[in-house]
1. Would you confirm whether any residue within the range 172-185 is within 13 Å of the chain's Cα centre (by Cα) and surrounded by 19 or more Cβ atoms within 10 Å (Cβ to Cβ)?
2. I'd like the residue in the range 21-34 that is of a type outside the set (Gly, Ala, Ser) and surrounded by 12 or more Cβ atoms within 10 Å (Cβ to Cβ) and, out of all such residues, is nearest to the chain's Cα centre (by Cα).
3. If I go through the range 166-188 residue by residue, how many of them are over 14 Å from Ile86 (Cα atoms) and either in a strand (DSSP E or B) or not assigned by TED's automatic domain parsing to the domain that holds Leu214 (or both)?
4. Does Gly157 meet the test of being in the same structural domain as Ala270 (by TED's automatic domain parsing), in contact with a helix residue (DSSP H, G or I) (Cβ under 8 Å, 6 or more places away or on another chain) and under 21 Å from Gly233 (Cα atoms)?
5. Find the residue count for the range 131-147, including only residues that are loosely packed, with under 14 Cβ neighbours inside 10 Å, in a loop (DSSP other than H, G, I, E, B) and polar (S, T, N, Q).
6. What is the one condition in (1) more than 20 Å from Thr79 (Cβ to Cβ); (2) in contact with a Ser or Thr (Cβ under 8 Å, 6 or more places away or on another chain); (3) part of a helix (DSSP H, G or I) that Lys125 does not satisfy?
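The values are calculated or read from the model by the stated rules, or taken from the named source; none is laboratory data. Keep in mind that this is a model prediction, so the values were computed, not measured. Ideal geometry is used to build each Cβ from the backbone, glycine not excepted, and the neighbour counts take in all protein chains shown.
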Amino acid sequence: MYLVIQGADIQTRDLKELARLAGASAIDRLSDSAFRLNNAQPSEAIAALCAQSKLDHGFVPEGRRLSDFRLLVMDMDSTLITMETIDELADMLNLKAEVAAITARAMRGEIEYDQSLRERLALLKGLGESALQRVYDERLKFSPGAERMLEKVRAAGIKTLLVSGGFTYVTDRLKTRIKLDYTRSNKLEIVNDKLTGAVIGDIVNADVKRATLLQVAKELGLRREQIAGVGDGANDLKFLPECGVSFAYRAKPVVREQTTYAINHAGLDAMLCLLSAEQA
């Protein structure tokens with residue numbers, strides 16, 4: 001196994017101590033922010049030291065290649081992009097704190113997702129459609145490393161699927177902008193240029209995210225081990241187990257406990273070195 005260490009500031013002393021703890025035979029630099037420790041063995045002390053030094057780590061099987069994967073499945077809000085779209089819409093009505101509190105409870109799994117979305121959308125009733133464009137234009141930012149990660153994934157011939165509890169107004173635009181292959185999200189009901197507080201069709205919850213992934217995987221003829229996925233909240237916990245390799249990105253504890261890897265400090269492009277320890 002390889003042990004991959006990633007972070008914004010990797011100190012030489014930490015790297016040497018991690019190599020000692022893992023019994024590694026050699027240390028290779030993968031990039032300015034990533035190192036590979038060869039022939040590494042697990043140790044509880046590794047996680048403790050990485051947490052203390054704000055480093056991400058993960059064991060990667062020798063021989064795994066990025067080209068082994070054929071589909072990447074992603075959550076959108078607070079994963080691919082930095083914001084929670086519905087919270088930013090609420091800010092237009094000075095209700096961000098109230099809506100964000102409901103969002104946080106839903107992402108921690110404390111309340112059922114469908115209920116949480118209905119409660120939040122009810123507070124947005126009457127908001128003008130123009131607010132959606134303002135949020136997209138003024139507030140949407142990609143998570144660190146997201147665009148580089150997608151560039152490498154596309155170059156490897158991997159298809160991309162965005163499954164989101166957010167809204168088609170954003171996902172449709174992102175599909176064109178960053179060349180996503182598939183998207184699934186909620187369609188807001190808009191009457192006379194104002195939000196009604198409802199969605200059209202089924203709410204995209206954890207079950208719908210999973211079903212969408214399985215449908216796309218079936219269409220592409222993929223096995224589970226050919227799929228990678230990334231998310232951050234409880235709403236992602238049904239599709240992530242359908243992925244051969246799963247990532248929790250800046251995620252809630254309930255998600256970190258159920259994924260292959262956790263990325264707490266590095267950017268989304270940290271996924272690349274964990275999908276293939278040869279990838280810089």
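1. Within the range 172-185, not a single residue is within 13 Å of the chain's Cα centre (by Cα) and surrounded by 19 or more Cβ atoms within 10 Å (Cβ to Cβ).
2. Leu30
3. 3
4. So Gly157 fails the test.
5. 0
6. Of the numbered conditions (1) more than 20 Å from Thr79 (Cβ to Cβ); (2) in contact with a Ser or Thr (Cβ under 8 Å, 6 or more places away or on another chain); (3) part of a helix (DSSP H, G or I), the odd one out for Lys125 is (3).
Conditions tested, residue by residue: (1) of a type in the set (A, V, I, L, M); (2) closer than 23 Å to Leu272 by Cα.
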site	(1), (2)
Val163	yes, yes
Val170	yes, no
Lys175	no, yes
Lys187	no, no
Ile190	yes, no
Gly197	no, no
Ala206	yes, no
Ala211	yes, no
Arg223	no, yes
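So that you can scan it fast, the table gives a plain yes or no per residue for (1) free of Cβ contacts under 8 Å to residues at least 40 places away in the same chain; (2) outside the structural domain of Thr183 (by TED's automatic domain parsing); (3) surrounded by fewer than 19 Cβ atoms within 10 Å (Cβ to Cβ); (4) of a type in the set (D, E, K, R):
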{"position": "Ala122", "(1), (2), (3), (4)": "no, yes, yes, no"}
{"position": "Glu129", "(1), (2), (3), (4)": "no, yes, yes, yes"}
{"position": "Met149", "(1), (2), (3), (4)": "no, no, no, no"}
{"position": "Ser164", "(1), (2), (3), (4)": "no, no, no, no"}
